[in-house]
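Notes follow the structure.
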Amino acid sequence: MFHFKQLTEWLDAFLRQYLNEGWTLFVEFLLVGAVILTVYAVLALLLIWTERKICAFFQCRLGPTRVGPFGLLQSVADVIKILLKEIIRLNHVDQRLFRIAGFLVIIASLCTFGAIPFDKGLHAIDFNIGVFYLLAVSSLGVVGILLAGWSSNSKYTMIGAMRSGAQLISYELSCGLSLMTIVILSGTMQLSQIVEMQSTGWFIFKGGIPAIIAFVVYLIAGHAETNRGPFDLPEAESELTAGYHTEYSGIQFGFFYLAEYLNMFIIAAIAATMFLGGWMPLHVTGWDGLNQVMDYIPPVVWFFGKTFFCIFIALWVRWSFPRLRIDQLLKLEWKILMPISFVNIILMAVWVLLFN
Amino acid sequence: MSNSALFLVVLVTAIFMVFAALYLAIWLAPKSTNPFKGEPYECGIQTRGPSWVRFKSGYYLIAILFLVFDVETVLLFPWASIFKSVGVDGLLLVSFFITILALGLVYAWKKGALEWK
């Protein structure tokens, strides 16, 4: 079976033949940076196109069709357009914070992105506290959003940022608690090990009822984390124009837009990694024929298949439900999801004691 | 390669990306000045009063509650990762801990901190 680990190890050995230690590391660092940047940008373009196409089909439209085959180059055209837009310099804003806000959001999202294991050995960062790292870095985005709203000195952005901040920090709790159930089940926080342990069965099957509850809670909370779908009241178009990024123009708006789409991908990818086995193929014990057929599908395809399955669910929810009010939103988190998550942790611990 | 070095690489890549995109846009984008362009967006009406004002205290309550429960999550993660070796004893101790926290949630609930008024 082909794994990217073979490729990276071969590349490492190849570089070491010609260069000394320091230069090898330097070239590898450059390569890691270039690959991450490319994958990030390509995924963003693909996601924007996917979202527009799927949302069009939900509404019985065609979506983008003009630019390129099936409108595939539409988002490339959008990027060029956004680069060519003027960056308006506003009078009454806190200039420094105004700039830093966009940077923070995108840096947080890219640092989280680096920790996702796409394949065996295909991840930039593999901390032994991986889950912890994901939660910590992704929550930096909240600071960016709050800064953006506050520094813009406009009422729309202020209300949008406050709502967004309250929503993000509330739902982060459920996210963390539902990921914790998987940590209890696996006994490790390293993402690559968590994936390896699912070679005998995905955690959503291994963990039984508590894992399924955690998966559902994670999908709901993660969906709210991305500020979209029925939880899009931070930027409820009809009330707040564009929420916390109303005042941003040109590429500075592009940063928020890009981070929003990539956050959707990151949430889906974490769901796929933790619950659906990451890049592990589907194996059913006893069905050797099926298992061998499944092994022929490359792991990267498995990973992206699962991730896009989660993204599809998110889009489906987004275009199917009406927007919640802020009191309903907070009630859902604090009175429903939080108690469920608490009980679920104990449930999972009991499950592990009984069946492992 | 150590993970910390790789984290730094990713961080530097991210910083490089934002600055490259920003300066590319500054270089490519048109520039025009107009006294009304710098005004905050208010659907065409001039802004009345300052925007940096005291804000609804409900958000503050949510932030405080978040702080309590987030720190708790941080404390629970190490327990979760060694749960298999501590077994029943660990579960009992943590159940006690979680019960106290749940009582905190119940208290906040009864006091009406979770109601949006």
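Odds and ends about this structure:
- Tail weight of P(r) past 12 Å, computed on alpha-carbon pairs of segment A:251-311, percent: 69 percent
- Phi angles across segment A:306-317 convert, under the Karplus curve 6.51 cos²θ - 1.76 cosθ + 1.60 with θ = phi - 60°, into 3J(HN,Hα) values of 5, 4, 6, 4, 5, 5, 4, 4, 4, 5, 4, 4 Hz, Gly and Pro given as x.
- At R0 = 45 Å, FRET efficiency that the Cβ-Cβ distance of A:F14 and A:L46 yields, to 0.05: 0.90
- Helix-only CD estimate at 222 nm, as mean residue ellipticity for chain A, using -39500 (n - 2.57) per DSSP H run (n ≥ 4): -22500 deg cm²/dmol
- Aspartates and glutamates whose Cα lies under 19 Å from that of A:K155, excluding same-chain neighbours fewer than 8 positions away: A:D94, A:D232, A:E235, A:E237, A:E239, A:E247, B:E39, B:E42
- Each of A:L62, B:L114 was scored by other Cβ atoms within 10 Å of its Cβ. Arranged with the fewest first, they read A:L62, B:L114.
- Put in line by how crowded their Cβ is, counting other Cβ atoms within 10 Å and starting with the fewest, A:Y171, A:Y133 read A:Y133, A:Y171.
- For A:K335, the aspartates and glutamates whose Cα falls under 14 Å of its own Cα, not counting residues fewer than eight places away in the same chain, are A:D327, B:E115.
- Cα centroid separation, segment B:1-64 to segment A:51-126 (Å): 15 Å
- Gyration tensor verdict on chain A (Cα atoms; rounded if a/c is under 1.5, prolate if a/b is larger than b/c, oblate otherwise): oblate
- Annotation: amide H of A:A242 has no partner in the under-5 Å range at sequence separation 5 or more or interchain, hydrogens built in the peptide plane.
- Ranked by how many other Cβ atoms sit within 10 Å of their own Cβ, fewest first, the residues A:L276, B:L28, B:L61 fall in the order B:L28, B:L61, A:L276.
- From phi via Karplus (6.51, -1.76, 1.60), per-residue ³J(HN,Hα) for segment A:206-213 in Hz, x at Gly/Pro: 5, x, x, 4, x, 5, 5, 4
- In segment A:86-135, trypsin sites (Lys or Arg not before Pro) in a DSSP loop with at most 14 other beta-carbon atoms within 10 Å: A:R89
- Shape category assigned to segment A:66-130 from the gyration tensor of Cα positions, a/c cut at 1.5: oblate
- Förster radius 25 Å - calculated FRET efficiency between A:K5 and A:L72, Cβ distance, rounded to 0.05: 0.20
- Loop-located chymotrypsin sites (Phe, Trp or Tyr not before Pro) in segment A:1-87 (DSSP state other than H, G, I, E, B) with a sparse environment of at most 15 neighbouring Cβ atoms within 10 Å: A:F2.
- Mean per-residue shielding of peptide B:19-32 is 5, counting Cβ atoms of other chains within 10 Å of each Cβ.
- Full extension of the segment from B:E39 to B:I15, taken as 0.36 nm per residue of separation minus the current Cα-Cα distance, would add 5.7 nm.
- If R0 is 25 Å, the Cβ-Cβ spacing of A:N128 and B:D70 corresponds to a FRET efficiency of close to 0.70.
- A straight chain from A:D94 to A:T65 at 0.36 nm per residue would run longer than the Cα-Cα distance by 6.3 nm.
- Taking label positions 7 Å along the Cα-Cβ direction at both B:I82 and A:L354, the computed distance is 2.7 nm, reported to one decimal.
- Computed about its Cα centre, the charge dipole of the protein assembly as shown is approximately 1220 debye, with only Lys, Arg, Asp and Glu carrying charge at their Cβ.
- Per-residue ³J(HN,Hα) for segment B:93-107, Karplus 6.51 cos²θ - 1.76 cosθ + 1.60, θ = phi - 60°, Hz, x for Gly and Pro: 4, 5, 4, 4, 4, 5, 4, 4, 5, 4, 4, x, 5, 4, 4
- Shielding value for A:172-180 is 4, the average number of Cβ atoms from other chains within 10 Å of each residue's Cβ.
- Listed by chain and number, the lysines whose C-alpha is less than 29 Å from the C-alpha of A:K53, apart from same-chain residues fewer than 8 away, are A:K81, A:K85, A:K306.
Coordinate-derived values only; no laboratory data. If you're wondering where the values come from, they're calculated on a predicted model, not measured in any experiment. Counting neighbours? That spans all protein chains shown, and the Cβs are built from the backbone with ideal geometry, glycine included.
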